[in-house]
Structures are given as C-alpha cells and as structure tokens.
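Shown next, in structure tokens, is the structure this report addresses.
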Amino acid sequence: MQTTHRTRPATLDVGARVRVEPRATLEELGAHELLGPLGGGAMGRVYLARLRATGQLIALKRARGSTSAQRRWPARARMLREAHALARLDHPAIPRLVGAALRDGLVTIAMEYVPGLALDRWLATARGPDVWRRLAAALVQAARALATVHDAGLIHRDVKPANVLVDRRGRAALIDFGLARAPRAHADDEPRGGPRDAFLSLSITQLGAVVGTPRFCAPEQLRGEACDGRSDQFSFCAAMAALLYARDPFDGDRIDARLRSIAASRPALVGPRLAFPTALRSLIARGLAAEPDRRHASMRVIADAIEACAQRPTLA
C-alpha cells in the first residue's frame, strides 16, 4: 500500500477562512482516467482511477452535487477536512493523500487506492484454523493506525468494521476520514493552533447533533458532546465486539435506549462466533466503559494487548 508518487505541496483555498495544503492539486497530477465506481455514501462517490503519466491507481472521492447551498456547504467542508486530515497522517495502514481540487464549488480528493474487503465482510468469508490470528493482525494494524490519528491531534469519529479494509495478504487500512477533526475538551471550545488547525477544529455539525454511526458511537458522541481519542477507542471496541460475537454489545435501536444500555455497563459479550483468547473479553469490556476515564490509556495499549494475545501458542 506504499505510495510511490510524490509531488510538491500546493495550496488549495477551501472557502472557509482557512487554507488546506495537500501534496498536489489534481491539475498538477495530470490527466487521469476513470475505471469504475468503488462505492459511495451520503457525502460523495468514490471511483477507481489511473494516472495516465505513471499508471498509479488512485481512489477519487467526489462530493455529491446539490442545488441547495445550505446542503452543499457541509458536504464540501467535510470533504476538504478529510483531505486536510489525510495530509497530516503518515502510516502504512492509512491511505496517503495524493491531491485535492476545488472546482465549480465541488470537491474532489485523490488518495492511494487500497484494494480489499470491509473487515466484517472479510471475516464472513474467512476460512481456516488461523482465522482468529489473521483477524487479530488486521485489528492490530487498524488500532495502530488509529493511535497515529490521535498522535496527530485528530479523532476519526466513525470507527467501524466497514471503515477498515483488508486485502488478500491480510494488510489492513483505516479509511473514510470525512468526520475526522481535532478534539475539544468542551463542545463550545474555540479553535486553537492557527489556520492549519482551525479547519480541523471547525464545527460543521449543528451543536448537539449526532455524528458517526450510532451503533458504534461512544455515549458522549451519542449525546452530541465533546469527544476525544477515548471516544474512538469505545467505537473500536464496539466494532471488535460485533466482529467477535456477531452482535452489538449494547441493545437499543433508539439513541435513548442505547444510552441506557451503555450506562448499565453490561455489554453483551457472550456466545463468541470463533475461538479467541479469553483475555480479550476484559480488554473489550474496559474499552466499552460508559465513562471515558475508565477506558484504556490509549489505542496503543489496545494494539499491544491484541498483538500479545495473538502471539500466544494457545487460546487460553
């Protein structure tokens, strides 16, 4: 997944009182050809493309067009914030930013193409006696990537199995940084650190609104409160529980019901779908604590613990 193409930095005006500096604009990268769609969501579509000059495969993410300026601004801002976040991150399990462009009010970002299946789909098709250790290897890579995100002063805010890809060689990648931002100690904190950090601290979502995927969100995220790396940690452990136990660790389709289930501090960690070390259950349970202060010290602690479990000769 290493990117071989390097270009000089270029400045991109994002139209939000700050400026983003990706590695290159798409114009500098030269002509490219679209090869087909890779997927999409509420904010945009992703396409597989090839740079004509180098033959490098890239993923092009384009914001959805809208006739409403009120709807177009959040999508454009999130796309540009994703480009800014990727420009700050350097980890083998995080796609590298290749370039970005803002044209006619629409945003396109180009990033390293990462082939593979979403982690939940990968696990559903995985076979063999070593499935647990292969899953553990992917989880460790994703956890270390998330630790790098936090070290860079960012939070992901949408950690879930669908946002971790695994290729045929077992290499994992943490993707979709559209909700990434700088954390705040309080929901109404003002941005700090100058223009570079201002865009990643910019509030796009209405105060009190829920961002992310509620099924995996930490309680503070469900309440629309300020989040930090411990919120990502909760999401990671909720995703890990869903993978290992084939069910959500907490009940409730409505946010209020889910918050009550989390507050009870009794995650449903029973009936595992595959054999894995029992020590992992307490690791997950601590990461799912309702109070952030009761969770693990960092994602690096979780990564080290999963790796240690996977290296044991037995599953005891």
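The values are calculated or read from the model by the stated rules, or taken from the named source; none is laboratory data. If you're wondering where the values come from, they're calculated on a predicted model, not measured in any experiment. So basically every Cβ, Gly included, is an ideal-geometry build from the backbone, and we count neighbours across all protein chains shown. Only protein heavy atoms, including side chains, enter the accessible area calculation; ligands, DNA and RNA are left aside. Shrake-Rupley method; radii C 1.70, N 1.55, O 1.52, S 1.80 Å.
When segment 210-242 is examined, which residues are found to be among the hydroxyl-bearing types (Ser, Thr, Tyr) and touching a residue at least 60 places away in the same chain (Cβ under 8 Å)?
Scanning segment 210-242 gives SER231, SER235.
Taking segment 96-122, which residues are buried (at least 22 other Cβ atoms within 10 Å of the Cβ) and modelled with pLDDT of 95 or more?
Matches in segment 96-122: LEU119, TRP122.
Keeping to segment 123-139, report how many residues are open to solvent by less than 70 Å² (accessible area, probe 1.4 Å) and not in a loop (DSSP other than H, G, I, E, B).
9
Output the residues belonging to segment 148-173 that are within 14 Å of GLY229 (Cβ to Cβ) and surrounded by fewer than 21 Cβ atoms within 10 Å (Cβ to Cβ).
Answer for segment 148-173, where residues must be within 14 Å of GLY229 (Cβ to Cβ) and surrounded by fewer than 21 Cβ atoms within 10 Å (Cβ to Cβ): THR148, HIS150, ASP151, ALA152, GLY153.
Taking segment 250-298 as the search range and keeping residues that are open to solvent by less than 40 Å² (accessible area, probe 1.4 Å) and of a type in the set (Lys, Arg), which one is nearest to THR125 (Cα to Cα)?
ARG258
Within the group ARG230, ARG247, ARG300, which residue is in a loop (DSSP other than H, G, I, E, B), touching a helix residue (DSSP H, G or I) at 6+ places or on another chain (Cβ under 9 Å), under 25 Å from ILE175 (Cα atoms) and of a type in the set (Lys, Arg)?
Only one candidate qualifies: ARG247.
Using the structure shown, decide if GLU27 is open to solvent by 20 Å² or more (accessible area, probe 1.4 Å), assigned to a strand (DSSP E or B), modelled with pLDDT of 50 or more and of a type in the set (D, E, K, R).
It is false that GLU27 is open to solvent by 20 Å² or more (accessible area, probe 1.4 Å), assigned to a strand (DSSP E or B), modelled with pLDDT of 50 or more and of a type in the set (D, E, K, R).
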